[in-house]
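Asker: Below you will find the structure I want to go over with you.
The values are calculated or read from the model by the stated rules, or taken from the named source; none is laboratory data. Here the structure is a predicted model, which is why all the values come from computation and not from measurement. Here the Cβ positions follow ideal geometry from the backbone for every residue, glycine too, while neighbour counts run over all protein chains shown.
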Amino acid sequence: MEEVTRILAIETSCDETAAAVIENGRALRSSVVASQMDMHARYGGVFPEVASRQHVLSILPVVQEALDKANLTLDNMDAIAVTRGPGLAGSLVVGMNAAKGLALGSGKPLVGANHLEGHIYASWLYEAGTENPPEAPGFPLIALLVSGGHSEIDLMTDHLTYQRLGATLDDAAGEAFDKVARLLGLPYPGGPSVQKAAESGDPAAFKFTRPKTDGPWDFSFSGIKTAVLYTIRDLEKAGQPIPVNDIAASFQATVIDYLISKTVDAARAHNVRELLLAGGVSANKPLREAFLKLQNDGFKVHIPKFAYCTDNAAMIAAAGAFRFMHGHTSGLEVDVLPTWPLS
Ligand code: KG4
Ligand code: ZN
């Protein structure tokens, strides 16, 4: 019989309580996400203490549901993977302690996973039983990782090997979407509501310049956000209505163009033909379309399925599985790492 490596993964780094089961690092047997979004919407952002207490309530039912959906039990697992960081300390601790308890009780090894690595490994996922699984990303590749807390361009020359070529000097890309949404009076979470408003706006209506950075592959988003703020303020001062959709569309187009051009530059400078998009902002439809279009320029392009763009445990299962298959496990004494860079 074929040898199968099965991992149960837990993710609680922010406001989603999630668990998933994966086989051989890629074939997903189940993925369950309990979102707290409605709870945080009234605060206009994630309220850390509310998040950790909600994780306490949801974690075991979510784990049980993931096992049930996979038609498997803890006994069938080879290891328990869990997000160690980066993320909110109080949220990470809940998932970590649940994973330690399950590892201790079952005698299975524990694997600490990096949340950012998880976002990248989302591109390896497919649902178990898929007839023709997509080809796995190959190396070397350039990863554009854009989430609510991080924005960076990484060169991967092999599995689990990252060289950071550039990163944001201030806000993350997702954070910029969230802040601009707030400026425009659009509801939380900001990314999807800016995208929606932009659908009926003119992306050429306003010109927001792309900030220059010393590092060729670094980003700066706070300048674009401030430009949006001044545009709104000037219109208000002049007693004019705020063209919310046009501003959203112009902002979004500027950010996408900025992200894509830096990624392509970095790939060309390093002679890399494979590109990978990762992180919550990869859920953005026009960004996905622009990234896919790079295939016309001779690049091989990998974007995660929409369901695995924003936080989930499937991606932690994939990253944890590759760590485990490369011989990495963690002792039961491991701590969470709220700040934990990829490279
Ligand atoms: O990866 P993620 O779920 O959480 C972090 O690890 O940070 O990313 C969340 C970020 C938020 O800033 C959210 O506004 C952004 O991803 N986001 C989007 C879209 N969906 C989520 N940004 C732009 N367009 C979207 N459709
Ligand atoms: Zn994330």
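Asker: Exactly one condition in (1) polar (S, T, N, Q); (2) surrounded by fewer than 22 Cβ atoms within 10 Å (Cβ to Cβ); (3) part of a helix (DSSP H, G or I); (4) without any contact (Cβ under 8 Å) to a residue 60 or more places away in the chain is not met by GLN240; state its number.
Answerer: It fails just one condition, (3).
Asker: Answer yes if at least one residue in segment 83-90 is of a type in the set (Lys, Arg), buried (at least 22 other Cβ atoms within 10 Å of the Cβ) and touching a strand residue (DSSP E or B) at 6+ places or on another chain (Cβ under 7 Å), and no otherwise. Working first, answer last.
Answerer: To start, the set of residues in segment 83-90 that are of a type in the set (Lys, Arg) comprises 84.
From what is left, the residues that are buried (at least 22 other Cβ atoms within 10 Å of the Cβ) are 84.
Then keep just the ones that are touching a strand residue (DSSP E or B) at 6+ places or on another chain (Cβ under 7 Å); that gives 84.
The answer is yes; a qualifying residue exists.
Asker: Does segment 208-237 hold any residues that are of a type in the set (D, E, K, R), at pLDDT 95 or above and part of a loop (DSSP other than H, G, I, E, B), and which are they? Talk me through it step by step, then tell me what you get.
Answerer: As a first pass, look at segment 208-237 and keep what is of a type in the set (D, E, K, R): 210, 212, 214, 218, 225, 233-234, 236-237.
Narrowing further to those that are at pLDDT 95 or above: 218, 225, 233-234, 236-237.
Within segment 208-237, just ASP218 meets the criteria.
Asker: Conditions first: (1) buried (at least 16 other Cβ atoms within 10 Å of the Cβ); (2) in contact with a Phe, Trp or Tyr (Cβ under 9 Å, 6 or more places away or on another chain); (3) without any contact (Cβ under 8 Å) to a residue 60 or more places away in the chain. ALA283 passes all but one, so which condition is the exception?
Answerer: Unmet condition: (3).
Asker: Shifting gears a bit: Given the conditions (1) under 19 Å from the mean Cα position of the chain (by Cα); (2) buried (at least 24 other Cβ atoms within 10 Å of the Cβ); (3) part of a strand (DSSP E or B), and given that ILE80 satisfies all but one, which numbered condition is not satisfied?
Answerer: Status for ILE80: all satisfied but (1).
Asker: When you scan segment 263-279, do you find a residue that is surrounded by fewer than 17 Cβ atoms within 10 Å (Cβ to Cβ), within 16 Å of ligand 1 (Cβ to nearest atom) and under 28 Å from GLY201 (Cα atoms), even just one?
Answerer: Checked against the condition, which is being surrounded by fewer than 17 Cβ atoms within 10 Å (Cβ to Cβ), within 16 Å of ligand 1 (Cβ to nearest atom) and under 28 Å from GLY201 (Cα atoms), segment 263-279 yields no hits at all.
Asker: For GLU127, are the conditions met, namely being more than 16 Å from THR263 (Cα to Cα) and within 16 Å of ligand 2 (Cβ to nearest atom)?
Answerer: no
Asker: Would you mention how many residues in segment 278-330 are hydroxyl-bearing (Ser, Thr, Tyr) and in contact with a helix residue (DSSP H, G or I) (Cβ under 6 Å, 6 or more places away or on another chain)?
Answerer: Residues meeting the conditions: 2.
Asker: Shifting gears a bit: Assess whether ALA307 counts as being buried (at least 21 other Cβ atoms within 10 Å of the Cβ), under 21 Å from the mean Cα position of the chain (by Cα) and closer than 30 Å to ASN97 by Cβ.
Answerer: In short, no.
Asker: While we're here: Here are ALA122, ALA143, ALA136: which of them is at pLDDT 95 or above, within 16 Å of ligand 1 (Cβ to nearest atom) and either of a type in the set (Ser, Thr, Tyr) or outside any helix (DSSP H, G or I) (or both)?
Answerer: Of the residues listed, the single one that is at pLDDT 95 or above, within 16 Å of ligand 1 (Cβ to nearest atom) and either of a type in the set (Ser, Thr, Tyr) or outside any helix (DSSP H, G or I) (or both) is ALA143.
Asker: Hey, another quick one. If you take the residues in segment 165-189 that are over 15 Å from GLY149 (Cβ atoms) and outside any loop (DSSP other than H, G, I, E, B), which one is nearest to ligand 1 (Cβ to nearest atom)?
Answerer: That would be ALA181.
Asker: Looking at segment 86-119 only, could you name the residues that are of a type in the set (A, V, I, L, M) and part of a helix (DSSP H, G or I)?
Answerer: First, pick out the residues of segment 86-119 that are of a type in the set (A, V, I, L, M): 88-89, 92-94, 96, 98-99, 102-104, 110-111, 113, 116.
Passing the criteria: ALA89, LEU92, VAL93, VAL94, MET96, ALA98, ALA99, LEU102, ALA103, LEU104, LEU116.
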